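Chemist: One structure coming up, written as structure tokens, with questions to follow.
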Amino acid sequence: MTFHQPSPAADHNPQGAGPFGLGTPTGPGQPTRSRRRWLKYGAVALVSLFIGVGIGNSGGSAESGKRTADSKAAPRPTVTVTKTAEAGTPEPAPTVTETVKVTVKPKKTKKPGPAASFSGEGEYLVGEDIKAGTYKTAGPDGGFGCYWERAKDSSGEFGSIISNNNLNGPGRVTLNKGEYFKTNRCQKWERVG
């Protein structure tokens, strides 16, 4: 087995390496002279372009510069375009909106007064909570009977009771203004007279 020792000149710029020593180019190589020619012509074209643009922006002559200064100082004319309507085409009439103010008076409502029917549970002041008059009930609201009581006041004392009853069926009672009416376990009471 023989070993080949590379020469120092080959280490410095190996044959087939690119211009920056990055490796072998993959395509067909171009001569360096052709590449330099393109760079030279490209640079000349670029410089010419910049010079042409500079000349174009400067205005070219002193007289054109004077015209530019004069045109800035003088007011410019205003152009007005007027469009005429075609014959036979009527213009739309303006829209008129009319606002009408309406005042609505609320209906007079009766003040809530004493009720003409009430629940079969509770204590009521005749003339304030319920109306005076004769009331009827369908009877007990369960199996224990319907109890009602008329009283002079709401003390709950035995001496304040005017009358009372325990109903097992339908019943009626007449209540006078100022009395207290107590009812337990009864169905709804309704005024009948």
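The values are calculated or read from the model by the stated rules, or taken from the named source; none is laboratory data. Small disclaimer: the values here were computed from a predicted structure and weren't measured. Here Cβ is always computed from backbone atoms with ideal geometry, including for glycine, and neighbour counts include all displayed protein chains.
Chemist: Checking the conditions here, which among SER163, SER155 is out of contact with any Asp or Glu (no Cβ under 8 Å at 6 or more places or on another chain) and polar (S, T, N, Q)?
Modeler: SER155
Chemist: Are any residues in the range 120-135 out of contact with any Asp or Glu (no Cβ under 6 Å at 6 or more places or on another chain) and in a strand (DSSP E or B), and if so, which ones?
Modeler: GLY122, GLU123, TYR124, LEU125, ILE130, GLY133, THR134, TYR135
Chemist: With respect to the numbered conditions (1) buried (at least 17 other Cβ atoms within 10 Å of the Cβ); (2) closer than 12 Å to ARG185 by Cα, which one is the sole condition not fulfilled by GLU121?
Modeler: Unmet condition: (1).
Chemist: Within the range 174-193, track down each residue that is within 14 Å of GLU123 (Cβ to Cβ) and assigned to a strand (DSSP E or B).
Modeler: Hits for the range 174-193 are LEU175, TYR180, PHE181, LYS182, THR183, ASN184, CYS186, TRP189.
Chemist: Which residue, of PHE144, PHE158, is of a type in the set (Phe, Trp, Tyr) and more than 15 Å from GLU121 (Cβ to Cβ)?
Modeler: That would be PHE158, the only listed residue that is of a type in the set (Phe, Trp, Tyr) and more than 15 Å from GLU121 (Cβ to Cβ).
Chemist: Another one. Given the criteria aliphatic (A, V, I, L, M) and at pLDDT 95 or above, does LEU167 qualify?
Modeler: no
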